[in-house]
Amino acid sequence: MKIIAKNKTWNYLLFWIGQSLVVAGLITGLITDQWGAIPLALIISGILIIGLWLVGKSRYSSWWGRRSTQASTNALVATVAVLAILGLINFLATRYYFRADLTETQLFTLAPESKQLVQNLQQPVKVWVFDVAQNPQDRELLDNYRQQNPQFQFEFVDPQTRFAVAEKFGVKDYGEVYLQSGNRRQLVQTVNVSDRLSEVKLTNSLQQIVNPTSAKVYFLQGHGERPLDGSENGMSQAVEALGNKNYTTAPLNLAEKSSVPSDANVLVIADPKRGLLDSEVTAVQNYLNRGGNLLLMLDPGTDPKLDNLLSQWGVKLDNRLAVDVSGSVAFGPAVPIVTDYGQHPITKDFGNGISFYRLARPIYTTPVPGVEATPILLTKAYPNTWAESDLQNENLQFDKESDRQGPLTLGVALKRKLPVESPSPSSTATESRMVIIGDSDFATNGSFLQQLNGDVFLNSVSWATQQNQQTLSIRPKESKNRRINLTNLQAGVIGFSSLLVLPLIGFAAAFVLWWLRR
Amino acid sequence: MGVILSNVIAIYRRELQSYFVSPLAYAIAGIFWFLAGLFLVLILMGPDGILTAVAAADLQGQQFGVPVPPIDVPYEFVRAFLDRLGWLLLFVLPILSMGLYAEERKRGTLELLATSPVTNWAVAVGKLLGVLTFFITMVVPLLALEAIALSGSTPAMPPIIPLLGHLALILLAAAILSLGMFISSLTDSTILAAVLTFAVILLLLFIDLVAKNVSGPIGEALGHLSLLKHYNNLIQGIFDTSSLVLFGSYIILGIFLTAQSIDALRFQRQ
């Protein structure tokens, strides 16, 4: 008797220990969200102990032998088993599945470029979507990416509730999508109702963040150009800012080398005091012809001997001085202020910001077939600005004979399509870009950090590298264009039968049957 | 095996016959046809319908010389219609499934079924097939109307996506009916069965929303349970075996649980 009583308490103890272990395991797993060894061990040992308890109980009571117990236990075990089997089958089905996109234009399939890129991801990449609502379409696209590779992750974040995360990314607006890989972050696009997450943009950003190509910028030297050092006329601040943007910079002396290096993304020619040699001009010309890019910063009063080259682009340099007498106390008449930036990728974010150009020359363009020229820096209109030819005279006065009225163009961005018949073997460039600014002072130490001057320089270099364009050419997904043309008869049949005939048949049959049964 | 099959067929025939002489079934069909027809007409030709919207966009494009982005009208139409139909099922199917066992229980014929030599799951399969056949019969006239609408599409639309969409509709209906059948076997009140079924289906449809806010593998697993997600996948034209397996699992689970619950009946009454 005593032994049985002792066993009973022992049994109860077992039961409670088993239960607590299972619960503890479940809670640990749920809280840490990691079903590692500890929670699993707790749960399994708990189940084992409960099993022991069942065995012990069955020895001391006839409860186990009752038929109803047996039946309900059988039912319970069978149900649990079926649930487990179904769960396992579904688990396997999600791991090993066959998926086919039956839409004609493969609307829900990633382009091969995207697939390949995602499949080759070596380190985790995460997409952050900062939006209040989760758009199912965006989610579907991101899910498609993730199915290719578990290294690709995504998370929807409501910037209102998790502003700490939003702050970290510098989110300014709802719908911003960021890509993160390690420490690098990049804005992909801003999604809104009409502009959903696009595969084209996402894959291209992915490409950029995975393979950050470091563009190489060469500064021509040897003709009294602006030095790259920290002197007053130097450009060390500009060079440093380029370095921060992942550009590599190097001086280039074309008298020592016969051609521009093939790894040059941009060649900067900043205010040569003496003209370039013919061979050097030819080297620059060849460089441009194979898809090279040039940033020219030319002060007035010097002749770089580039006129032949520039005339091919329809560019003419003016040797007059741009003056601005709009009354700016801080700068004086020899420092034109620019607040009008036209419409161009270089200057699109500038708004009405200020940049200034001490001792600048205007630039004129004439249309040339194949060259697309966009003015990016425009001074104020006459009588505030004009191009002054007489620099000896103390009194600044507009002279109809020799001067030119504003507004003057101080900077032009040009791009020229490369001729198709001269394919370059090494590069895949299809165009060549050039930015000409009639001043170099704005980018020298001191001026560089003021107002928008530095941004004008950096954006010009960045545009000229041709790297902001989409590197992967993925065609956006479009559905097939198709219409339904219904004849009046068809429309009538559909409307009439669906709203009248069919329901009436149903109700009439119901009524007749009800009548008959009655 | 042959015996079981003939048993299933016998139950199936009995069940089907009862539908075609039941005024309630015809009334449900009438309501279903009216609502589905209303959706069809509104989606296709209504004031906010797809034909009207596309015609307006085309006209605008012509006036301003702006190219209209390509729209696959028949595809959008089938997708939108099947989407609304999926919601309609939510209300119609519980009414179809509520009487499957509850009615038998009320009439006292459930004991006969439970103790008959026909196995419980054969009965369940027969009943499910019967009610599913009735549902398919309700869908067929709609299919004919859709076919008329799609016959006007230029250029012609390949039938694979509408076919897959309707297969998904039938699978969704089978899964819901199967679970409804189990719930119906638990109670002798048809109304309670309908309400419970409605609640359970609503939960299974909306589990996706819950899953979106849960991260990690648990959220993924929950999201996978959602009927709506898989239905939407299929009607969009994405053929996915894991979706088919999920629908199949719900159907089998419903049949199994029904058989278990009838089995339990034998011992409760002892």
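Would a scan of the range B:87-99 turn up a residue that is out of contact with any strand residue (DSSP E or B) (no Cβ under 9 Å at 6 or more places or on another chain), closer than 16 Å to residue B:39 by Cβ, hydrophobic (A, V, I, L, M, F, W, C) and within 14 Å of chain A (Cβ to nearest Cβ)?
yes
Residue by residue, here is whether (1) touching a Lys or Arg at 6+ places or on another chain (Cβ under 6 Å); (2) of a type in the set (Ser, Thr, Tyr); (3) open to solvent by less than 30 Å² (accessible area, probe 1.4 Å); (4) at pLDDT 85 or above holds:
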| site | (1), (2), (3), (4) |
| --- | --- |
| B:59 | no, no, no, yes |
| B:71 | no, no, no, no |
| B:80 | no, no, yes, yes |
| B:106 | no, no, no, no |
| B:110 | no, no, yes, no |
| B:117 | no, no, no, no |
| B:138 | no, no, yes, yes |
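Tell me, which strands (runs of 3 or more DSSP E) lie completely within the range A:89-165 with 3 or more residues that are surrounded by 15 or more Cβ atoms within 10 Å (Cβ to Cβ) and aliphatic (A, V, I, L, M)? Full working, then the answer.
Numbers: elements: A:99-101, A:125-130, A:152-157.
Filter on the range A:89-165 gives A:125-130.
Exactly one condition in (1) at pLDDT 85 or above; (2) at positive phi is not met by residue A:269; state its number.
Here residue A:269 clears every test but (2).
Return yes when residue A:78 is surrounded by 13 or more Cβ atoms within 10 Å (Cβ to Cβ) and in contact (Cβ under 8 Å) with a residue 60 or more places away in the chain and no when it is not. Walk me through how you get there before you give the answer.
Details: surrounded by 13 or more Cβ atoms within 10 Å (Cβ to Cβ): yes; in contact (Cβ under 8 Å) with a residue 60 or more places away in the chain: no.
The answer is no for residue A:78.
Sort out which residues of the range A:486-518 are at the interface with chain B (Cβ under 7 Å from one of its Cβ atoms) and closer than 16 Å to residue B:30 by Cβ, and write them in order of number.
A:497, A:498, A:499, A:502, A:503, A:506, A:507, A:509, A:510, A:513, A:514 - these are the residues of the range A:486-518 that are at the interface with chain B (Cβ under 7 Å from one of its Cβ atoms) and closer than 16 Å to residue B:30 by Cβ.
Among B:189, B:185, which is more than 11 Å from every other protein chain (Cβ to nearest Cβ) and touching a Phe, Trp or Tyr at 6+ places or on another chain (Cβ under 6 Å)? Show your work before the answer.
Values: B:189 fails: touching a Phe, Trp or Tyr at 6+ places or on another chain (Cβ under 6 Å).
Among B:189, B:185, only B:185 is more than 11 Å from every other protein chain (Cβ to nearest Cβ) and touching a Phe, Trp or Tyr at 6+ places or on another chain (Cβ under 6 Å).
Each row is one residue, and each column tells you yes or no for (1) closer than 20 Å to residue B:30 by Cα; (2) part of a helix (DSSP H, G or I); (3) of a type in the set (A, V, I, L, M).
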site: B:118; (1), (2), (3): no, no, yes
site: B:126; (1), (2), (3): no, yes, no
site: B:136; (1), (2), (3): yes, yes, yes
site: B:162; (1), (2), (3): no, yes, no
site: B:175; (1), (2), (3): no, yes, yes
site: B:180; (1), (2), (3): no, yes, no
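Taking only pairs six or more apart or across chains, which ones have beta-carbon atoms under 9 Å, a first residue in the range A:249-266 that is modelled with pLDDT under 85, and a second residue that is open to solvent by less than 40 Å² (accessible area, probe 1.4 Å) and among the acidic types (Asp, Glu)?
Once the first residue is modelled with pLDDT under 85 and sits in the range A:249-266, its partners that are open to solvent by less than 40 Å² (accessible area, probe 1.4 Å) and among the acidic types (Asp, Glu) give A:254/A:280; A:255/A:280.
Would you check which residues across the range B:141-157 are open to solvent by 20 Å² or more (accessible area, probe 1.4 Å) and either in a helix (DSSP H, G or I) or at the interface with chain A (Cβ under 7 Å from one of its Cβ atoms) (or both) and list them?
The first filter runs over the range B:141-157 and keeps only residues open to solvent by 20 Å² or more (accessible area, probe 1.4 Å), leaving B:141, B:143-144, B:147-148, B:150-151, B:154-157.
Selection gives B:141, B:143, B:144, B:147, B:148, B:150, B:151, B:154, B:155, B:157.
Just checking, how many residues over the range B:222-235 are more than 10 Å from every other protein chain (Cβ to nearest Cβ) and buried (at least 20 other Cβ atoms within 10 Å of the Cβ)? Show your work before the answer.
From the range B:222-235, those more than 10 Å from every other protein chain (Cβ to nearest Cβ) are B:222, B:226-228, B:230-231, B:235; that's our starting set.
Checking which are buried (at least 20 other Cβ atoms within 10 Å of the Cβ) leaves us with B:226-227, B:230-231, B:235.
Residues meeting the conditions: 5.
Which ones in the range B:158-168 are out of contact with any strand residue (DSSP E or B) (no Cβ under 7 Å at 6 or more places or on another chain) and either surrounded by 18 or more Cβ atoms within 10 Å (Cβ to Cβ) or at the interface with chain A (Cβ under 10 Å from one of its Cβ atoms) (or both)?
Keep residues of the range B:158-168 that are out of contact with any strand residue (DSSP E or B) (no Cβ under 7 Å at 6 or more places or on another chain), which gives B:158-163, B:165-168.
Correct list: B:158, B:160, B:161, B:162, B:163, B:165, B:166, B:168.
Among the residues of the range B:1-27, which ones are open to solvent by 20 Å² or more (accessible area, probe 1.4 Å), part of a helix (DSSP H, G or I) and within 14 Å of chain A (Cβ to nearest Cβ)?
B:17, B:18, B:19, B:20, B:23, B:24, B:26, B:27
Listed residues B:218, B:238; which is under 30 Å from residue A:153 (Cα atoms), facing another protein chain (nearest Cβ under 10 Å), open to solvent by less than 30 Å² (accessible area, probe 1.4 Å) and over 15 Å from the mean Cα position of the chain (by Cα)? Break it down stepwise before answering.
Numbers: B:218 fails: open to solvent by less than 30 Å² (accessible area, probe 1.4 Å).
Going through B:218, B:238 in turn, just one is under 30 Å from residue A:153 (Cα atoms), facing another protein chain (nearest Cβ under 10 Å), open to solvent by less than 30 Å² (accessible area, probe 1.4 Å) and over 15 Å from the mean Cα position of the chain (by Cα): B:238.
Considering only the range A:193-234, state which residues are assigned to a loop (DSSP other than H, G, I, E, B) and charged (D, E, K, R). Break it down stepwise before answering.
Of the residues in the range A:193-234, the ones assigned to a loop (DSSP other than H, G, I, E, B) are A:193-198, A:211-215, A:221-234.
Once the filter is applied, which keeps residues that are assigned to a loop (DSSP other than H, G, I, E, B) and charged (D, E, K, R), the range A:193-234 yields A:195, A:196, A:225, A:226, A:229, A:232.
The values are calculated or read from the model by the stated rules, or taken from the named source; none is laboratory data. All values derive from a computational prediction rather than experimental measurement. Cβ: placed from backbone, ideal geometry, glycine included. Neighbour counts: every protein chain shown. With ligands, DNA and RNA removed, areas are computed over all heavy atoms of the protein, side chains included. Shrake-Rupley method; radii C 1.70, N 1.55, O 1.52, S 1.80 Å.
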